[in-house]
Structures are given as C-alpha cells and as structure tokens.
1. Considering only W151, W50, W140, give the residue with the highest GNM mean-square fluctuation for the chain, with springs between Cα atoms whenever their separation is below 10 Å.
2. At R22 and T194, where each label point lies 7 Å from the Cα along Cα→Cβ, what is the point-to-point distance in nanometres?
3. Indicate the gyration tensor shape class of the stretch 109-163 (rounded, prolate or oblate), computed on the Cα atoms with a ≥ b ≥ c the square roots of the eigenvalues: a/c under 1.5 is rounded; otherwise a/b larger than b/c is prolate and the rest oblate.
4. Based on the alpha-carbon gyration tensor of the stretch 77-122 and its eigenvalue square roots a ≥ b ≥ c, which shape applies: rounded if a/c is under 1.5, prolate if not and a/b is larger than b/c, or oblate?
5. Is the shape of the stretch 13-205 best called rounded, prolate or oblate, per the rule: a/c under 1.5 gives rounded, else a/b larger than b/c gives prolate, else oblate, with a ≥ b ≥ c the square roots of the Cα gyration tensor eigenvalues?
6. Quick check: the angle from helix 89-102's long axis to the longest principal axis of the chain, C-alpha only, nearest 10 degrees?
7. Report the antiparallel proportion of the DSSP beta bridges in the chain as a percent, rounded to a multiple of 5.
8. Take every Cα pair under 8 Å in the chain that's 6+ residues apart, average their separations, divide by the length, and report that relative contact order as a whole percent.
Amino acid sequence: MPPSPKKPSTTGHHKLRIIGGRWRSRTLSFPVVEGLRPTGDRIRETLFNWLTPILPGSRCLDLFAGSGILGFEALSRGADHCCLIECNPVAARQLRANADHLQAENAVIQQTSALEFLARPASEAYDVVFIDPPFADNLWEPVVKLLTNGWLREEAFIYVEAPTNQSLSLPSGWQTHREKRSGQVCYRLYRYETTGRYETNGDAGV
C-alpha cells in the first residue's frame, strides 16, 4: 500500500479550514511566526465568491503565502496551478507539509521574498495574484510596480489586502473591480487590462 499523506505538524501551530471546493473542510496548520496574519474566513468567503468565475483553469501567484490559505483555497476551487512565495523558513516548511497533506501536486512553494521573486525575469504570466503582506512592512508599492514587468496576463485579477488608511498608486491598466471593508482592513480586487477598455484609477485608498 502507498504511504499515507504526510500530516502537517501541529506543535506551536494554529489551524485554518478550507471553506470551499474539493478540499472543503480540510484543516491546515500554520506556525506562529512574526507578521503571519491569515485572511479571515468572512473576507476569504467574499473574495472567493468574487473569483468563482475566474478560478477554474487559472494560474495563481500567492506572493506572501504565510499560512497558504489563499493559495490552497484557490486550488481547492479549481485553479490549475499556484505558486506560493514565503520567505520565512518555518512557514515555508509548513506550506510544503500542507501541500503533501492535501496531495496538492499543482502547488509550488518557493522560499524567497516576494521582492526577490518579482525582481527576476518573469517566468510566466499569472491570471490571479494575491498580495497580502505583513502590514508593518509596507510592501504594497514596490510589489505592485514589479508585477507590471511581465507577471500579469491580460485581464488578470489582483487581490490586495491592507489597512483602511493605506493608499496605493495604481499602475496604468489597473481598475478596481470589487471593494469591501472589514473593521480596519480594506480588501480589493483589481483587474489588469492594457487594451484601453478601462480608465486608470490614479491614487486609491486601500
């Protein structure tokens, strides 16, 4: 008999539950590390309702994977592939354990920073990108700028989670598609299009 899938370690860890798709109700563990702040269930449910028509067959990039819940939720709901970027070695190790636990062969975990990853020549363009960095690091602006260097497919969707008082200068071609607030957090879904169908937003409070 083949060995059972490796279960995530739970020592010094918290747990999250996938809320939809083929892995619905499966539980993932994530470590207690500084700056790791998983997206809550209510926000995540709203986000993935927005993404329902987009995810099947899509290629996703989770730039601050942390717990991995956004990337694994996307795969659970039909994404074809997700690259999860995480710089913390403990968190990256747990992401690999979670991928093994789910037998998620279409999940790729890279232990590096989002800025280092995006500074490389774009290896492919993505349909969906998640940007939910540690709030204290103020990484929204540099990440958004680097994404424009070939990482986005035409009509890609970019999810950004940030404090309500955080402002963001949007590159040309980015249009606010959906927006909501929950407490002190604002979360938005942008659409990237260069054909001129949409006008540029300029500065937007995020």
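Quick note: the coordinates plus some simple rules give every number you see, no bench work behind them. Fair warning: this is a prediction, and the values are worked out from it, not measured in the lab. Glycine gets a Cβ as well: all are built from the backbone with ideal geometry, and neighbour counts include every protein chain shown.
1. W50
2. In this crude label model, R22 to T194 measures out at 3.3 nm.
3. oblate
4. Here the stretch 77-122 falls in the oblate category.
5. Rounded.
6. The two axes meet at around 70 degrees.
7. Of those bridges, close to 60 percent are antiparallel.
8. Averaging sequence separation for qualifying contacts and normalising by length gives 16 percent for the chain.
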